[in-house]
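Working notes, beginning with the structure itself.
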Amino acid sequence: MKPFKIMSIFGTRPEAIKMAPIIKELEQQQDVFESIVVVTGQHREMLEQVLASFGITPDYNLDIMAEKQTLESITALSLNGLSEIIAKERPHMVLVHGDTTTSFAGGLAAFYNQVPLGHVEAGLRTHDKYSPFPEEINRGMTGVLADLHFAPTVESAKNLLKENKSASNIFVTGNTAIDALKTTISDDYTHPLLEQTKHKKMILLTCHRRENLNQAMDNIFAAVNEVTRERDDVAVIFPVHLNPEIREKVAKHLYANENVHLIGPLETVDFHNIANHADFIMTDSGGVQEEAPSLDVPVLVLRDNTERPEGVDAGTLKVIGTNKEDIKIWMNRLLDDDILHKKMSLATNPYGDGHAATKILTHIHHYLTEQYKLMYNCIER
Ligand code: UD1
Ligand code: UDP
């Protein structure tokens, strides 16, 4: 039998990091799968960094990114470009990841071409339409289009069951973020910034969400600025997202603060290892919330809600919102209260054993084999 052709579609940094273990596993299983990698280029430099880190060369790159791009432009350009590639390649299955606009457009393009769709990291929900925006609706719509749902946890599988998706097409696999972490973390890791900050408590900060791109982000940066100016025992490492709107706000609040190390986006290996050495993390990122429990590093989540309740239940994550005074209180509390810090550090990772990619491919192989058995049976009759 010829190998099944699997087309992986992604466009941004987090999708690339979490699809990389699947692409690597597809390459390992060449006797049963042919792997086609398609990127929309919704991100450019930040995507290139991940592709280089994991040694992935896309077969197609739509290269759509524009400065201050809109949701409409990402959707339209991705949908048109992806549909053409799917029509040309006719894969047996398309895989998309998570909740970006690329994921949704990829799912829609697969549907328009009547190609089965597998959704990796399926079932995350806040049940709040505009938070995160537009991810909550992107993932819901991708779920509607998907034939197979790879849920990272039992909690996310339950969300899908509540939406009446067929239990036989939902698989709890763990999160491929943990697979990726297993390849990046090393005990003997060093970095000049770790040397520079080693005599202080080190906080790793990331912040990029669209719904925070208003007063919320000003509050976050103002709080970080005030706390780090008030006390000299703290250093913040802040790899700043390349979105120019974010960079303007960073410049306004944090540029002149010597305790805040402003740097560009870090390579995945560097980010994971610096996170591993952080006293704690402050972030509005989704992926970072999944990684921190594996690293035993507490996280203050700079959002009003999270689709990752497992990390909250495990004790690693504390959702603190975006009010300036609340952020200052929580920063100081976690810096000073060793018992709280220890409690938040000792959680158990709820996102799987690092073998999610293999599990996903086993389910895909089984599904496609069954589909083709059915098809051949019909032809023979
Ligand atoms: C996107 C995803 C979000 C995900 C995030 C991960 C959507 C709508 N949003 O948000 O779900 O959490 O990626 O980081 O799918 N830019 C560059 N170079 C890059 C990347 C971005 O210059 O490599 C700049 C561009 O000016 C671009 C802007 O950042 O227009 C915003 O990028 P975009 O992908 O639209 O939004 P993100 O906030 O990155
Ligand atoms: N990350 C990275 N370099 C950085 C910041 C983050 O490699 O400078 C990684 C991080 O480890 C995680 C992913 O990027 O795997 C999260 O991406 P992001 O926060 O951009 O998106 P989200 O997860 O919120 O969709």
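The values are calculated or read from the model by the stated rules, or taken from the named source; none is laboratory data. Quantities reported herein were computed from a predicted structural model and do not represent experimental measurements. Every residue, glycine as well, gets a Cβ built from its backbone with ideal geometry; the counts of neighbours run over all protein chains shown.
Within region 12-38, residues that are of a type in the set (A, V, I, L, M, F, W, C) reach partners that are at pLDDT below 95 with beta carbons closer than 9 Å, at six or more positions or on different chains, in the pairs VAL32/MET1; VAL32/PRO3; PHE33/PRO3.
Does any residue of region 319-336 turn out to be in a strand (DSSP E or B) and not polar (S, T, N, Q)? Yes, region 319-336 contains at least one residue that is in a strand (DSSP E or B) and not polar (S, T, N, Q). Residues in region 129-138 that are more than 12 Å from ligand 2 (Cβ to nearest atom) and not in a loop (DSSP other than H, G, I, E, B) were compared, and the one that is nearest to LEU213 (Cα to Cα) is GLU136.
Here is a check on your reading of the model: is THR126 closer than 30 Å to ALA216 by Cα, assigned to a loop (DSSP other than H, G, I, E, B) and of a type in the set (Val, Ile, Thr)? Spelling it out, THR126 is indeed closer than 30 Å to ALA216 by Cα, assigned to a loop (DSSP other than H, G, I, E, B) and of a type in the set (Val, Ile, Thr). With respect to the stated conditions, GLU34 is at pLDDT 95 or above, of a type outside the set (Gly, Ala, Ser) and over 30 Å from ARG209 (Cβ atoms). When each of LEU95, LEU82, LEU124 is tested for being touching a residue at least 24 places away in the same chain (Cβ under 8 Å), within 15 Å of ligand 2 (Cβ to nearest atom), touching a Ser or Thr at 6+ places or on another chain (Cβ under 8 Å) and within 24 Å of LEU26 (Cβ to Cβ), the lone residue that passes is LEU124. Among the candidates ILE17, ILE9, which residue alone is within 16 Å of ligand 1 (Cβ to nearest atom), assigned to a strand (DSSP E or B) and not small (Gly, Ala, Ser)? The unique qualifying residue is ILE9. A Cβ distance below 8 Å, combined with a sequence gap of six or more or placement on separate chains, defines the contacts here; from region 276-293, residues that are among the aromatic types (Phe, Trp, Tyr) and more than 12 Å from ligand 2 (Cβ to nearest atom) reach residues that are assigned to a helix (DSSP H, G or I) and at pLDDT 95 or above in the pairs PHE280/LEU334; PHE280/HIS341; PHE280/MET344. Looking only at region 160-181, residues that are within 20 Å of THR362 (Cα to Cα) and among the charged types (D, E, K, R) come to 1 in all. In a residue-by-residue description of region 35-52, the property of being buried (at least 21 other Cβ atoms within 10 Å of the Cβ), over 25 Å from THR75 (Cβ atoms) and aliphatic (A, V, I, L, M) applies to no position. Residues that are at pLDDT below 95 and either within 27 Å of the chain's Cα centre (by Cα) or over 30 Å from GLU15 (Cα atoms) (or both): does region 233-253 have at least one? No: zero hits.
Here the condition is being of a type outside the set (D, E, K, R), surrounded by fewer than 20 Cβ atoms within 10 Å (Cβ to Cβ) and touching an Asp or Glu at 6+ places or on another chain (Cβ under 8 Å); of VAL319, VAL301, VAL312, it holds for VAL319 alone. When restricted to residues that are surrounded by 19 or more Cβ atoms within 10 Å (Cβ to Cβ), under 13 Å from THR322 (Cα atoms) and away from ligand 1 (no atom under 16 Å from the Cβ), region 192-220 contains 1. Residue check: is LEU340 within 22 Å of THR183 (Cα to Cα), touching a helix residue (DSSP H, G or I) at 6+ places or on another chain (Cβ under 9 Å) and surrounded by fewer than 22 Cβ atoms within 10 Å (Cβ to Cβ)? Spelling it out, it is not the case that LEU340 is within 22 Å of THR183 (Cα to Cα), touching a helix residue (DSSP H, G or I) at 6+ places or on another chain (Cβ under 9 Å) and surrounded by fewer than 22 Cβ atoms within 10 Å (Cβ to Cβ).
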